[in-house]
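**Q** Before anything else, here's the structure in question.
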Amino acid sequence: MSEQPPSRTRLDEDQQHQFSGLILMDRVQNEPKHYHAALLEEKDDELLEKVFAYLQEQNLVHIADDDHFRLTERGQQAFQNMLHQQQSYLVHFDIFARVDLSEGSFADLDEDFLDDPRWSDLRVAVAEYKGIDIYRMIFLAMLAEGSFFENPDWKFDLALGSSFFKELEEVAVSQITCDELGYVAEDGARVSGESVIEDIILQGSAVNKERMERERGRQQSLLEEEEAQRDQDDGDDREEWVMMPYDPWYPMGAYAGSALFVEALWLSAYW
(Lines give C-alpha, C1' and ligand atoms only; values in the text may rest on other atoms or scores of the structure.)
Protein backbone atom coordinates (compact mmCIF):
# COMPACT_ATOMS: atom_id res chain seq x y z
CA MET A 1 0.00 0.00 0.00
CA SER A 2 1.12 3.53 -0.69
CA GLU A 3 2.00 5.60 2.37
CA GLN A 4 1.13 8.87 0.69
CA PRO A 5 -1.73 10.66 2.48
CA PRO A 6 -5.00 10.96 0.57
CA SER A 7 -5.25 14.15 -1.48
CA ARG A 8 -8.70 15.36 -2.46
CA THR A 9 -10.28 18.61 -3.56
CA ARG A 10 -11.98 20.79 -0.96
CA LEU A 11 -15.72 21.09 -0.62
CA ASP A 12 -16.55 24.29 -2.51
CA GLU A 13 -19.24 26.87 -1.77
CA ASP A 14 -21.48 25.81 -4.66
CA GLN A 15 -21.63 22.29 -3.24
CA GLN A 16 -22.38 23.61 0.23
CA HIS A 17 -25.20 25.77 -1.15
CA GLN A 18 -26.65 22.75 -2.94
CA PHE A 19 -26.46 20.48 0.10
CA SER A 20 -28.00 23.12 2.39
CA GLY A 21 -30.73 23.62 -0.19
CA LEU A 22 -31.46 19.90 -0.44
CA ILE A 23 -31.69 19.55 3.33
CA LEU A 24 -34.18 22.41 3.55
CA MET A 25 -36.13 21.09 0.55
CA ASP A 26 -36.48 17.81 2.45
CA ARG A 27 -38.05 19.68 5.36
CA VAL A 28 -40.35 21.71 3.10
CA GLN A 29 -41.51 18.52 1.41
CA ASN A 30 -42.07 16.55 4.61
CA GLU A 31 -43.08 19.29 7.05
CA PRO A 32 -44.57 22.07 4.89
CA LYS A 33 -46.64 23.65 7.68
CA HIS A 34 -43.46 24.46 9.63
CA TYR A 35 -42.06 26.92 7.09
CA HIS A 36 -44.06 30.11 6.92
CA ALA A 37 -42.82 32.97 4.74
CA ALA A 38 -42.60 35.16 7.86
CA LEU A 39 -39.50 33.38 9.13
CA LEU A 40 -38.89 35.86 11.94
CA GLU A 41 -41.60 34.15 14.00
CA GLU A 42 -38.86 32.01 15.52
CA LYS A 43 -35.32 33.19 16.09
CA ASP A 44 -33.75 29.98 14.80
CA ASP A 45 -35.62 30.35 11.54
CA GLU A 46 -33.57 33.44 10.73
CA LEU A 47 -30.79 30.99 9.91
CA LEU A 48 -32.92 29.64 7.07
CA GLU A 49 -33.55 32.92 5.28
CA LYS A 50 -30.36 32.79 3.22
CA VAL A 51 -31.04 29.21 2.19
CA PHE A 52 -34.61 30.01 1.21
CA ALA A 53 -33.38 33.03 -0.77
CA TYR A 54 -30.97 30.75 -2.63
CA LEU A 55 -33.71 28.21 -3.36
CA GLN A 56 -36.02 30.96 -4.65
CA GLU A 57 -33.26 32.26 -6.92
CA GLN A 58 -32.92 28.75 -8.33
CA ASN A 59 -36.72 28.48 -8.78
CA LEU A 60 -36.83 25.48 -6.44
CA VAL A 61 -39.29 26.85 -3.89
CA HIS A 62 -42.05 29.43 -3.97
CA ILE A 63 -44.48 30.98 -1.50
CA ALA A 64 -47.87 29.32 -1.87
CA ASP A 65 -51.29 30.91 -1.32
CA ASP A 66 -51.19 29.97 2.36
CA ASP A 67 -47.93 31.95 2.76
CA HIS A 68 -45.90 28.79 3.33
CA PHE A 69 -42.94 27.65 1.25
CA ARG A 70 -43.60 24.84 -1.22
CA LEU A 71 -41.42 23.10 -3.79
CA THR A 72 -41.85 24.27 -7.35
CA GLU A 73 -42.16 21.77 -10.19
CA ARG A 74 -38.42 22.15 -10.72
CA GLY A 75 -37.87 21.66 -7.00
CA GLN A 76 -39.97 18.51 -6.98
CA GLN A 77 -37.85 17.07 -9.77
CA ALA A 78 -34.60 17.96 -7.99
CA PHE A 79 -35.92 16.42 -4.77
CA GLN A 80 -36.87 13.21 -6.61
CA ASN A 81 -33.39 13.09 -8.15
CA MET A 82 -31.94 13.20 -4.64
CA LEU A 83 -34.24 10.39 -3.45
CA HIS A 84 -33.24 8.25 -6.45
CA GLN A 85 -29.59 8.83 -5.62
CA GLN A 86 -30.23 7.80 -2.01
CA GLN A 87 -31.83 4.58 -3.26
CA SER A 88 -28.92 4.00 -5.61
CA TYR A 89 -26.46 4.65 -2.78
CA LEU A 90 -28.11 2.05 -0.54
CA VAL A 91 -28.25 -0.51 -3.33
CA HIS A 92 -24.97 0.10 -5.08
CA PHE A 93 -22.46 1.59 -2.61
CA ASP A 94 -23.32 0.14 0.78
CA ILE A 95 -21.77 -3.23 -0.10
CA PHE A 96 -18.35 -1.50 -0.25
CA ALA A 97 -18.61 -0.02 3.26
CA ARG A 98 -16.83 -3.02 4.80
CA VAL A 99 -14.38 -4.94 2.64
CA ASP A 100 -11.73 -7.39 3.82
CA LEU A 101 -8.90 -6.64 1.38
CA SER A 102 -6.83 -9.63 2.45
CA GLU A 103 -9.68 -12.10 1.94
CA GLY A 104 -11.56 -10.30 -0.82
CA SER A 105 -14.78 -10.64 1.17
CA PHE A 106 -17.64 -8.31 2.08
CA ALA A 107 -19.25 -7.97 5.49
CA ASP A 108 -22.56 -9.71 6.07
CA LEU A 109 -24.67 -7.39 8.22
CA ASP A 110 -26.45 -10.33 9.82
CA GLU A 111 -23.45 -12.52 10.58
CA ASP A 112 -20.22 -10.52 10.84
CA PHE A 113 -18.85 -8.29 13.60
CA LEU A 114 -19.10 -4.95 11.84
CA ASP A 115 -16.57 -3.09 14.01
CA ASP A 116 -13.79 -5.57 13.22
CA PRO A 117 -10.66 -3.62 12.15
CA ARG A 118 -10.18 -5.93 9.17
CA TRP A 119 -12.89 -4.06 7.29
CA SER A 120 -11.90 -1.23 4.95
CA ASP A 121 -14.41 1.37 3.77
CA LEU A 122 -14.05 1.64 0.00
CA ARG A 123 -17.22 3.58 -0.85
CA VAL A 124 -15.33 6.78 -1.63
CA ALA A 125 -12.69 4.97 -3.67
CA VAL A 126 -15.44 3.29 -5.73
CA ALA A 127 -17.19 6.62 -6.28
CA GLU A 128 -13.94 8.26 -7.40
CA TYR A 129 -13.21 5.44 -9.81
CA LYS A 130 -16.66 5.87 -11.35
CA GLY A 131 -16.20 9.63 -11.69
CA ILE A 132 -18.87 10.40 -9.11
CA ASP A 133 -18.69 13.45 -6.84
CA ILE A 134 -17.49 11.95 -3.56
CA TYR A 135 -19.00 14.75 -1.49
CA ARG A 136 -22.41 14.06 -2.98
CA MET A 137 -22.07 10.40 -2.09
CA ILE A 138 -20.87 11.12 1.48
CA PHE A 139 -23.64 13.69 1.95
CA LEU A 140 -26.32 11.19 0.91
CA ALA A 141 -24.76 8.51 3.11
CA MET A 142 -24.93 10.81 6.13
CA LEU A 143 -28.56 11.70 5.40
CA ALA A 144 -29.42 8.04 4.84
CA GLU A 145 -28.42 7.31 8.45
CA GLY A 146 -31.59 9.16 9.44
CA SER A 147 -30.12 10.97 12.45
CA PHE A 148 -29.39 14.40 10.92
CA PHE A 149 -32.63 16.04 12.06
CA GLU A 150 -32.42 14.53 15.54
CA ASN A 151 -29.92 17.26 16.37
CA PRO A 152 -31.99 20.22 17.64
CA ASP A 153 -29.36 22.59 16.22
CA TRP A 154 -29.46 21.15 12.69
CA LYS A 155 -30.34 24.57 11.25
CA PHE A 156 -26.88 25.83 12.19
CA ASP A 157 -25.40 23.10 9.98
CA LEU A 158 -26.83 24.79 6.88
CA ALA A 159 -24.43 27.73 7.15
CA LEU A 160 -21.40 27.75 4.86
CA GLY A 161 -18.33 26.42 6.67
CA SER A 162 -20.42 24.83 9.44
CA SER A 163 -19.24 21.86 11.48
CA PHE A 164 -21.39 19.63 9.26
CA PHE A 165 -19.49 20.63 6.12
CA LYS A 166 -16.17 20.36 7.93
CA GLU A 167 -17.14 16.82 8.88
CA LEU A 168 -17.89 16.07 5.22
CA GLU A 169 -14.37 17.17 4.30
CA GLU A 170 -12.81 15.22 7.15
CA VAL A 171 -14.60 12.05 6.07
CA ALA A 172 -13.46 12.52 2.47
CA VAL A 173 -9.82 13.09 3.42
CA SER A 174 -9.74 10.12 5.78
CA GLN A 175 -10.94 7.56 3.23
CA ILE A 176 -8.71 5.24 1.19
CA THR A 177 -7.88 6.43 -2.30
CA CYS A 178 -7.81 4.24 -5.36
CA ASP A 179 -4.04 4.72 -5.68
CA GLU A 180 -3.49 3.44 -2.14
CA LEU A 181 -4.97 0.10 -3.15
CA GLY A 182 -2.05 -0.60 -5.47
CA TYR A 183 0.60 -3.09 -4.33
CA VAL A 184 3.62 -5.11 -5.43
CA ALA A 185 2.84 -8.79 -6.03
CA GLU A 186 5.06 -11.67 -4.89
CA ASP A 187 6.63 -11.89 -8.34
CA GLY A 188 7.61 -8.22 -8.13
CA ALA A 189 4.98 -7.04 -10.58
CA ARG A 190 3.19 -3.82 -9.74
CA VAL A 191 -0.61 -4.15 -9.45
CA SER A 192 -2.29 -0.81 -9.94
CA GLY A 193 -4.97 0.54 -7.62
CA GLU A 194 -7.25 0.81 -10.63
CA SER A 195 -6.97 -2.93 -11.26
CA VAL A 196 -7.68 -3.64 -7.60
CA ILE A 197 -10.77 -1.40 -7.46
CA GLU A 198 -12.13 -2.88 -10.69
CA ASP A 199 -11.84 -6.37 -9.20
CA ILE A 200 -13.45 -5.22 -5.93
CA ILE A 201 -16.36 -3.64 -7.80
CA LEU A 202 -16.92 -6.78 -9.85
CA GLN A 203 -16.84 -9.03 -6.79
CA GLY A 204 -18.94 -6.69 -4.65
CA SER A 205 -21.59 -6.28 -7.31
CA ALA A 206 -21.86 -10.05 -7.76
CA VAL A 207 -22.25 -10.56 -3.98
CA ASN A 208 -24.75 -7.69 -3.83
CA LYS A 209 -26.86 -9.15 -6.62
CA GLU A 210 -26.84 -12.59 -5.00
CA ARG A 211 -27.92 -11.17 -1.64
CA MET A 212 -30.71 -9.13 -3.23
CA GLU A 213 -32.05 -12.15 -5.10
CA ARG A 214 -31.87 -14.27 -1.94
CA GLU A 215 -33.78 -11.64 0.04
CA ARG A 216 -36.45 -11.31 -2.63
CA GLY A 217 -36.83 -15.09 -2.65
CA ARG A 218 -37.19 -15.11 1.12
CA GLN A 219 -39.87 -12.40 0.99
CA GLN A 220 -41.73 -14.26 -1.76
CA SER A 221 -41.72 -17.47 0.29
CA LEU A 222 -43.06 -15.66 3.35
CA LEU A 223 -45.84 -14.07 1.33
CA GLU A 224 -46.81 -17.37 -0.23
CA GLU A 225 -46.91 -19.01 3.20
CA GLU A 226 -49.09 -16.19 4.57
CA GLU A 227 -51.44 -16.39 1.59
CA ALA A 228 -51.75 -20.18 1.91
CA GLN A 229 -52.51 -19.80 5.62
CA ARG A 230 -55.21 -17.23 4.93
CA ASP A 231 -56.79 -19.51 2.32
CA GLN A 232 -56.76 -22.38 4.79
CA ASP A 233 -58.22 -20.26 7.58
CA ASP A 234 -61.15 -18.77 5.67
CA GLY A 235 -61.77 -21.59 3.19
CA ASP A 236 -62.09 -19.04 0.44
CA ASP A 237 -62.06 -20.43 -3.10
CA ARG A 238 -61.04 -17.12 -4.64
CA GLU A 239 -58.40 -17.07 -7.35
CA GLU A 240 -54.93 -17.36 -5.87
CA TRP A 241 -52.70 -14.32 -6.05
CA VAL A 242 -49.79 -12.90 -4.09
CA MET A 243 -49.38 -9.21 -3.41
CA MET A 244 -45.72 -8.31 -3.40
CA PRO A 245 -44.76 -5.52 -1.00
CA TYR A 246 -43.57 -2.27 -2.51
CA ASP A 247 -39.84 -2.59 -3.12
CA PRO A 248 -38.31 0.88 -3.70
CA TRP A 249 -34.96 -0.66 -4.66
CA TYR A 250 -36.32 -2.95 -7.37
CA PRO A 251 -35.69 -0.55 -10.30
CA MET A 252 -32.13 -0.16 -9.05
CA GLY A 253 -31.37 -3.87 -9.00
CA ALA A 254 -29.86 -3.84 -12.47
CA TYR A 255 -27.28 -1.31 -11.32
CA ALA A 256 -26.03 -3.65 -8.61
CA GLY A 257 -25.45 -6.34 -11.20
CA SER A 258 -23.72 -4.02 -13.68
CA ALA A 259 -20.42 -3.59 -11.92
CA LEU A 260 -18.74 -0.87 -13.97
CA PHE A 261 -21.87 1.01 -14.95
CA VAL A 262 -21.82 4.75 -14.14
CA GLU A 263 -25.36 5.84 -13.40
CA ALA A 264 -26.51 8.91 -15.29
CA LEU A 265 -28.40 10.15 -12.25
CA TRP A 266 -25.11 10.50 -10.32
CA LEU A 267 -23.39 12.47 -13.06
CA SER A 268 -26.22 14.89 -13.77
CA ALA A 269 -26.61 18.15 -11.87
CA TYR A 270 -29.31 18.43 -9.22
CA TRP A 271 -30.63 21.52 -10.95
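**Q** Among Glu128, Glu198, Glu167, Glu210, which is the only one that is within 30 Å of Phe52 (Cα to Cα) and under 22 Å from the mean Cα position of the chain (by Cα)?
**A** On inspection, the qualifying residue turns out to be Glu167.
**Q** Looking only at the stretch 101-118, filter to residues that are at pLDDT 90 or above and aliphatic (A, V, I, L, M); which one of those is farthest from Glu210 (Cα to Cα)?
**A** Leu101
**Q** Does Gly188 satisfy the criteria of being over 28 Å from Asn81 (Cβ atoms), among the small types (Gly, Ala, Ser), in a loop (DSSP other than H, G, I, E, B) and free of Cβ contacts under 8 Å to residues at least 40 places away in the same chain?
**A** yes
**Q** Any idea how many residues of the stretch 104-158 are part of a helix (DSSP H, G or I) and either within 17 Å of Gln85 (Cα to Cα) or of a type in the set (Phe, Trp, Tyr) (or both)?
**A** Looking only at that region, the number is 21.
**Q** Would you check which residues across the stretch 49-80 are out of contact with any helix residue (DSSP H, G or I) (no Cβ under 9 Å at 6 or more places or on another chain) and under 23 Å from Ala159 (Cβ atoms) and list them?
**A** Ala53, Gln56, Glu57
**Q** Further question on the same structure: Are there any pairs, at least 6 apart or on different chains, whose C-beta atoms fall under 7 Å, with the first in the stretch 51-76 and at positive phi and the second surrounded by 15 or more Cβ atoms within 10 Å (Cβ to Cβ) and among the hydroxyl-bearing types (Ser, Thr, Tyr), and if so, which?
**A** If the second residue must be surrounded by 15 or more Cβ atoms within 10 Å (Cβ to Cβ) and among the hydroxyl-bearing types (Ser, Thr, Tyr), the pairs left are Asn59/Thr72.
**Q** Quick one: would you say Gly204 is part of a loop (DSSP other than H, G, I, E, B) and either modelled with pLDDT of 60 or more or closer than 14 Å to Phe96 by Cβ (or both)?
**A** Criteria not met by Gly204.
**Q** With Arg136, Arg118 as the choices, which residue is among the charged types (D, E, K, R) and free of Cβ contacts under 8 Å to residues at least 60 places away in the same chain?
**A** Matching residue, one of Arg136, Arg118: Arg118.
**Q** Take the stretch 2-34 and flag every residue that is farther than 15 Å from Phe79 by Cα and at pLDDT 90 or above.
**A** Those that are farther than 15 Å from Phe79 by Cα and at pLDDT 90 or above: Leu11, Asp12, Glu13, Asp14, Gln15, Gln16.
**Q** Just for the stretch 49-103: of the residues that are assigned to a helix (DSSP H, G or I) and β-branched (Val, Ile, Thr), which one is surrounded by the most Cβ atoms within 10 Å (Cβ to Cβ)?
**A** Filtering the stretch 49-103 for residues that are assigned to a helix (DSSP H, G or I) and β-branched (Val, Ile, Thr), the one surrounded by the most Cβ atoms within 10 Å (Cβ to Cβ) comes out as Ile95.
The values are calculated or read from the model by the stated rules, or taken from the named source; none is laboratory data. These numbers come from a predicted model, not from an experiment. Note: ideal-geometry Cβ built from the backbone for every residue, glycine included; neighbour counts use all protein chains shown.
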